[in-house]
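None of the figures in this text is laboratory data; all of them are computed from the coordinates on show. Since the model is a prediction, treat every value here as computed from it, not as a measurement. Cβ coordinates were reconstructed from backbone atoms using ideal geometry, including for glycine residues, and neighbour counts include every protein chain displayed.
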Amino acid sequence: TKSTAGYSPDIESRTPPYPKLLKRLHEVRRVLGSTRQLTLAEKILYSHLDNPEEALLTNTDNGSNIRGNANLKLKPDRVAMQDASAQMALLQFMTCNLPSTAVPASIHCDHMIVGERGADVDLPESIKGNKEVFDFLESAAKKYGIEFWPPGAGIIHQTVLENYAAPGLMMLGTDSHTPNAGGLGAIAIGVGGADAVDALVDAPWELKAPKILGVRLEGQLNGWASPKDVILALAGKLTVRGGTGYIIEYYGPGVDSLSCTGMATICNMGAEVGATTSLFPFSTRHIPYLESTHRSSIALQAQTIASSPSLVNMLRADEDAQYDESITINLSILEPHVNGPFTPDLSTPLSVFAKAVKTNNWPETVSAGLIGSCTNSSYQDMARAEDLVKQANAAGLKPATDFFITPGSEQIRATLERDSTLETFEDAGGIVLANACGPCIGQWKRTDNVVKGDHNAIFTSYNRNFRGRNDGNPETMNFLASPEIVTAMSYAGSTTFNPLTDSLTTPSGATFRFSPPTGAELPASGFEIGNPEFLPTSAAPSPETEVVVSPTSDRLALLEPFAPFPESDLKGLKVLYKVTGKCTTDTISAAGPWLKYKGHLPNISANTLIGAVNAATGEVNIAYDFDGSTSGIPELAQKWKDQGLEWLVVAEDNYGEGSAREHAALQPRYLGGRVILAKSFARIHETNLKKQGVVPLTFANGEDYGKIDACDEVDTVGLYDTLKNGGEGEIRVKVKKAKTGEEVMIKTRHTLSEDQCGFILAGSALNLLAKMNHP
Ligand code: F3S
């Protein structure tokens, strides 16, 4: 039921299970000894362990060496999914035949909405264009008791912060900026759909215990510096890989000087340095935010826990907790930063940015300014930007360039409308886009005169700035900055402008200089709910709902369970392709236009490995059949599938690096791939393969890569026994050379755990779960 009269969400399902978590923390203390000092991230993570004793003591020198070593099996409290990635997650969930999700979950329709002419036109058009996907998501959400936030309701991370994030919560989200919720003290991790399904079906979700990077904040922000500048500066120090394998934990006296939404901005962009997630400890600044977003009872419980003695305090780090690495940032002397172009870690302090523009020959004209998005659309962000717009307006100035505003949620939009902030933006010529990702995810149809191939510079308050990300033009340089700096730059229209020191000339010829922006942290009259149509559906499952998937759809297809493993070794596999060089998840399952088919496994499989380089010929996506005829890789795979032939791929190092994209494992499996034999694997992809029933093997001796070629025939030796023995055993592959008929035996290694052997034997992890649910 939807009602605007005093919005009363289901608080119970939104409250972290504190009593259970505290009990688990107690158990963790018992296992590790009560004197062991823990970081905040460890406290929250370990309180979500399925079996603390097993996880914390196995392979960790009796618990002394957990971080970076232990394999944690975790039970998250909640799952959030965005519309693009929710499709495959739900299709997979449906194969488990469960009546409802095991943990509370939500779906947010935000990624498939275009930003072009403003919300009123863009939203209805996007809904029309994606109707069957939205209908599918909504019907599945209703059936299984998932809260469904329709198109227009807001961007996943903003909606999660306003409704679900809470101190001590652990959640998984099918989007890389899920860590945004860490601003409210949650451990929130971005994952692929198959991982989300683990949580949805109450199977433990595995994570190698991250190391912890402590960032100590001192002093307090002032003037033009904003929370965004904390992470822009940190990204410069850490680079895009510096956070890999780490959780970034903020602490120190500077924390309480930041607003809750500012902390969320900082955590959001931890994804840009590759961190597993980022989080803040419980802060007094969390209380008014929780209260103003209808969650006073959570604020109260969190306050009680946070003020309890260290041993039972899961919302703050222990006094002497040790970090694996640490960095100190003095907020008092932090200046605004501008990051980019093309990479979020190219960080330049504003005071030297004009010089960098000249040195690097970057465009001197700003072609558009865009504020908002999931990263920076808080009330405070918008209020501070509004302050600048009002200052400029009073001086008779208009933005020198197109100026777009993306509210992060309907709640924010409606509140800004009530408080006349949007009117201020629109009167100045700003265009308010739909409450959705829009230009941040490439859904930006530019209406100015910049065409593909034109070098141009835009300023955004977003989080990512890879080539082509916003408007599809690889020559558009996206400079990331705070909303305040983006607003000021939009008025100047010049990339060499520094609002702290430079002036603009008003139409009357006077000199105008911005004063440092100010703005309220939270709306004095509380948040508005806005359009009741944008409130979520109920979290109670309604089993009678029919899930809508048209059999003729080219965007959605129900999944057929994969066949179980034969009761023997694999015989007569053929080498489909031998890859040389990098083989990332993008190589295996390309994005771009293919994203449209994320919910249709047969259709998206037509992109399988199309970026892979043929080791024999150096050609990309040219595969050779036994008779020497050539075709694309997916075409040959499909042909072999139709002929009943199963196959393997041979590859080099770090196979499957990149994202957690599960399609990169699902597609080969769907087309008949049984084994990937590589020099090494990217860890997440290796796990994904096993979940889909594909066996990842590595060469025991890397040079053996030279002994196997496309079209060779392969039998596994010892694989079936190893699977039956829960991972104990040696696996070799017997290769019969296609050209000579000669036979070669190659030794391999594997990392199959007992659980994973179960997945493979059942055909996939989901098959196993379905079997457990309906033996
Ligand atoms: Fe992601 Fe941007 Fe949307 S970072 S969630 S695409 S607003």
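Observations on the structure shown:
- Taking every alpha-carbon pair under 8 Å whose residues sit at least 6 apart, segment 573-773 reaches a relative contact order of 20 percent.
- C-alpha center-to-center spacing [segment 320-351, segment 509-573] in angstrom: 31
- Part-to-part distance (alpha-carbon centres) for segment 652-730 and segment 79-121, which is given in Å: 30
- Charge tally in the Cβ shell below 12 Å around I441, where Lys, Arg are +1 and Asp, Glu are -1, I441 excluded: -2
- Stretchable slack from S297 to S753, in nm (0.36 nm times residue separation minus alpha-carbon distance): 160.0 nm
- Average projected area [Cα convex hull, segment 271-369], square nanometres: 10.4
- Segment 336-512 - share of DSSP beta bridges that are antiparallel (%, nearest 5): 35
- Rg/Rg_globular for the chain, with Rg_globular taken as 2.2 N^0.38 Å and Rg from C-alpha atoms: 0.96
- Where a label projected 7 Å from the Cα of E125 along Cα→Cβ would reach, residues of segment 439-480 with amide N under 20 Å: 439-452, 469-473
- The chain: relative contact order in percent, alpha carbon pairs under 8 Å with at least 6 residues between: 13
- The separation of segment 406-484 from segment 131-181, counted between C-alpha centres, amounts to 22 Å.
- Annotation: Cα Rg of segment 336-512 relative to the compact-globule expectation 2.2 N^0.38 Å equals 0.96.
- Extension gain for K398-E742 works out to 116.2 nm (0.36 nm per residue, less the C-alpha to C-alpha distance).
- For segment 197-339, convex hull volume per residue from C-alpha positions, Å³: 144
- Of K571/K724; K43/K211; K582/K724; K445/K596; K355/K445; K75/K690, those spanning more than 23 Å from alpha-carbon to alpha-carbon: K582/K724; K355/K445
- Along the chain, longest interval not containing exposed GluC sites (Glu not before Pro), exposed being DSSP loop plus at most 14 other Cβ atoms within 10 Å: 1-318
- Cα-based reach from K228 at 14 Å (exclusive), listing aspartates and glutamates while leaving out same-chain residues under 8 positions away: E272, E335, D345, D381, E484
- Label-to-label distance, nm, for residues given as T505 and Q37 (7 Å Cα→Cβ offset): 6.0
- For segment 573-773, the Stokes-Einstein estimate of translational diffusion at 10 °C and a viscosity of 1.306 mPa s comes to 95 µm²/s, using the Kirkwood hydrodynamic radius over alpha-carbon pairs.
- Length gained on full extension, N773 to D320, computed as 0.36 nm times the residue gap minus the Cα-Cα distance: 158.6 nm.
- Rounded FRET efficiency, nearest 0.05, which uses the C-beta distance separating N62 from L311 and R0 of 22 Å: 0.60
- Candidate aspartates and glutamates for bridging to K707, where Cα separation is under 18 Å - those fewer than 8 sequence places away on the same chain excluded: E652, D653, D715, E742, E743
- Cα→Cβ-extended label distance, 7 Å offset, between E560 and V548, nm: 2.6
- Unit Cα scatterers, Debye sum, segment 85-221: log10 I(q)/I(0) for q = 0.15, 0.22 Å⁻¹: -0.80, -1.42
- All alpha carbon pair distances within segment 340-394 were sorted into 10 Å bins beginning at 0; the resulting P(r) in whole percents reads 17, 38, 38, 7.
- Cubic angstrom per residue, convex hull over Cα atoms of segment 34-85: 108
- Mean separation of Cα pairs under 8 Å and 6 or more residues apart, divided by the residue count, gives segment 336-512 a relative contact order of 33 percent.
- FRET efficiency, 1/(1 + (r/R0)^6) with R0 30 Å, evaluated for K571 and K639 via beta carbons: 0.90
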